[in-house]
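Below is one structure, written out as structure tokens, with a few remarks after it.
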Amino acid sequence: MQRALAEAKAAAERGEVPVGAVLVAADGTLLAADGNRTRELSDPTAHAEMLVLRAACQTAREQRLVGVSLYVTLEPCPMCAAAISLARVRRLYWGADDPKGGGVEHGPRVFSHPTCHHVPELYGGMCASEAAALLVSFFSVRR
């Protein structure tokens, strides 16, 4: 999670919402790490989670990432949660909860729907206070 937090800090320095994600193979190998790039890429889908999933799938030349763990600093939104399910991510760890935009424990709760193809193991609250502090600091300057 420390690497994901570093990616979130780098995103904030680029003017992006400070969310970072890291994808790790079952053997502990780092597959991909990135932070939000929606503004930089002019792409509303360029969330940190989507970027690392895309990068790892391209490298592996596979649409599924069976056995991998995803660490992200903020509860994934519904779009990212659906992509996590489709990629067959084994474990999802996140930091801060997102009551407004989350899609795992808040909002539509993507993984609880009977139409969800795959449900990863879920672990919320990892380094939550540090992840939340990054977001609060980022938005306090902008409001």
Give me the pairs, please: first residue somewhere in region 115-137 and at positive phi, second residue anywhere and among the acidic types (Asp, Glu), beta-carbon distance under 9 Å, and either six or more positions apart or on two chains. Gly125/Asp97
Please work out if Arg64 is in contact (Cβ under 8 Å) with a residue 12 or more places away in the chain and of a type in the set (Lys, Arg). yes
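Since every read-out is calculated from the coordinates, none of them should be taken as a lab result. All figures in this text were calculated on a predicted structure; none of them were measured in a lab. Positions of Cβ are backbone-derived with ideal geometry, glycine not excepted, and every protein chain shown enters the neighbour counts.
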